[in-house]
1. Residue farthest toward the positive end of the dipole of the chain, with Cβ of Lys/Arg at +1 and Asp/Glu at -1: which of Leu109, Leu55, Tyr181?
2. Pairs of Cα atoms under 8 Å, at least six residues apart: use those to get the relative contact order of the stretch 68-159, whole percent.
3. Restricting to DSSP H runs of at least four residues, report the calculated mean residue ellipticity at 222 nm for the chain, -39500 (n - 2.57) per run over all residues, nearest 500 deg cm²/dmol.
4. Modelling each spin label as a point 7 Å along the Cα-to-Cβ direction, I'd like the Asp151/Leu7 distance in nm, to one decimal.
5. Tell me, what is the 1.4 Å probe accessible area of Met159, in Å² to the nearest 10?
6. Using a 1.4 Å probe on the protein heavy atoms only, what accessible surface does Phe196 show? Give it in Å² to the nearest 10.
7. Can you tell me the relative contact order of the chain? Whole percent, Cα pairs under 8 Å, sequence separation 6 or more.
8. To the nearest 20 debye, what is the magnitude of the charge dipole of the stretch 45-196 about its Cα centre, counting +1 on the Cβ of each Lys and Arg and -1 on the Cβ of each Asp and Glu?
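The values are calculated or read from the model by the stated rules, or taken from the named source; none is laboratory data. This one's a predicted model, so the numbers in the text were calculated from it and none came from an experiment. Cβ placement follows ideal geometry from the backbone for every residue including glycine, while neighbour counts extend to all protein chains displayed. When the accessible area is computed, the model is the full protein with side chains, heavy atoms only, and any ligands, DNA or RNA have been set aside. Shrake-Rupley method; radii C 1.70, N 1.55, O 1.52, S 1.80 Å.
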Amino acid sequence: MTSKFSLRDITIRSETEKDFLLVEKMIRQSFWNVYKPKCDEHYLTHILRVHEDYLPELTRIAIYQSQIVGAIFYAKSHIVTKETRHDVITFGPLAVHPEFQRQGIGAILMRETIHLAKKLGYKAIIIYGEPNYYPKYGFKRAKDFEITQPDGTYLDALMTYELEDGYLQNKKGYFLVSEVYLNIEAEDVEKYDRQF
């Protein structure tokens, strides 16, 4: 990374089709061997784009000197209560190229898309994220709203952000993430990964 790098040099814009493979390569670099051997986040990005829950209007990429150095993707998800299902959104992957991590790019992508999601009328964000990282950006533990995982257990990593004040009040239930995040087959990832 150049010593002249500054967040002022970063451009945030929507993703276009010509960006797809380059974004996936960057995401693969970002997650490779970080949380587990290899990774599947680049394949998730690939299948998310064609899934019915995908929210392309919220996808943003970060550019530095014509290089894609970050990206964030969103999908529809739900809170399931005894009475009904309530719409929320979730983001992931949120990726920053290894050479540009811990410089504030992820925060810029998150803040810009949170602002955009509010403007577009979305009500709340729920994610599985690092509980010691996201609270500084206004995220709260889902437990504060009595929102659990589907098995009824609380998880510190299940984090919430109200886009509309009070939206999560009295919505005791469980978080049902979009199925696109759950149906990732290792064989499919391995096959897709051969092109990288």
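1. After comparing all options, I get Leu109.
2. Relative contact order for the stretch 68-159 comes out at 24 percent.
3. Helix-only estimate at 222 nm: -6500 deg cm²/dmol.
4. Placing both labels 7 Å along Cα→Cβ, they lie 3.8 nm apart.
5. Surface open to solvent at Met159 totals about 0 Å².
6. We get 60 Å² for Phe196.
7. 20 percent
8. The calculated dipole for the stretch 45-196 is roughly 520 debye.
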